[in-house]
Amino acid sequence: MAKNYKIGVFDSEDKFLSSLKVLIQQKYAVYETFTPYPIPEMLHMLKRKSRIPLAAYFFGLFGVTATLAFLYYTSVISWPIVYGGKPFNSFPSFVVVTIVITIFTVTVLSLGLFSARSKLIPGRLNTIFDHRATDDRFIIVVEESAAGLSMDQAAKLMQENGAVEILDKQMEKVLA
């Protein structure tokens, strides 16, 4: 079954944010928004939160623990060599390597988690609502909801708040 979408195209951030605020207050189902640059207020309005910082924290703990365990094992247990009169377990010599490998671990694992969570895989076909979405326009995609709210009223609200253009799209399959 095909879903109906109303797409509002805006040319300024202020008009975009005011229209988004009105749509949320009227309880319309805002499916997605597209902007040419990040707008933190928009994320707060849509109440979308990410757990990637928490995952990055645990990736960092894993990186520190694994790196220190590896360095300790290699320099104390597996191949103990006394160099420069230092003891086998010389922690200050581990610090720089631990920091660098932890940063690398957090970066790679966070990128992998983000890609997996966003389903960003090579060859994936994306749903494109409007080709100008990330060039110079701000886009709001309103999904037809089961709450009985009028899509024409959503279009009127976006038009009143400065939409340059209102598009109707009916899509069979939307890749989320």
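Computed from the alpha carbon atoms alone, the convex hull of the chain holds 172 Å³ per residue. Each residue was assigned an accessible area with a 1.4 Å probe, and for Ser12 the value is about 30 Å². Comparing Gly84, Gly112, Gly162 in a Gaussian network model of the chain, where Cα atoms under 10 Å apart are tied by springs, the biggest mean-square fluctuation is seen for Gly84.
Comparing Tyr28, Tyr83, Tyr73 in a Gaussian network model of the chain (Cα springs below 10 Å), the most mobile by mean-square fluctuation is Tyr83. What pairs in Lys47/Lys119; Lys21/Lys47; Lys49/Lys119; Lys6/Lys156 have C-alpha atoms more than 19 Å from each other? The pairs that break the limit, which is 19 Å between Cα atoms, are Lys47/Lys119.
Using a 1.4 angstrom probe, figure out how much accessible area the chain has per residue, in square angstrom, rounded to the nearest whole.
Numbers: 11760 Å² over 176 residues.
Here the per-residue accessible area is 67 Å².
Before anything else, pin down the relative contact order of the chain: Cα pairs under 8 Å, at least 6 apart, normalised by residue count, whole percent.
57 percent
Quick one, could you list the DSSP H helices from the chain stretching 30 Å or more along their long axis (Cα atoms) with average Kyte-Doolittle hydropathy of 0.5 or above? Walk me through the numbers before you get to the answer.
Working: long enough: 95-117 (32 Å, 2.10).
Both cut-offs are met by 95-117.
Of Ser75, Ser18, Ser115, which has the largest mean-square fluctuation in a 10 Å C-alpha GNM of the chain? With Cα springs under 10 Å in the chain, the top fluctuation among Ser75, Ser18, Ser115 is at Ser75. When Rg and Dmax are taken over the Cα atoms of the range 1-94, they come to 26.4, 75 Å.
The values are calculated or read from the model by the stated rules, or taken from the named source; none is laboratory data. Bear in mind the structure is a predicted one, so any value in this text is a computation, not a measurement. Just so you know, the surface numbers come from the protein's heavy atoms only, side chains and all, with ligands and any DNA or RNA stripped out. Shrake-Rupley method; radii C 1.70, N 1.55, O 1.52, S 1.80 Å.
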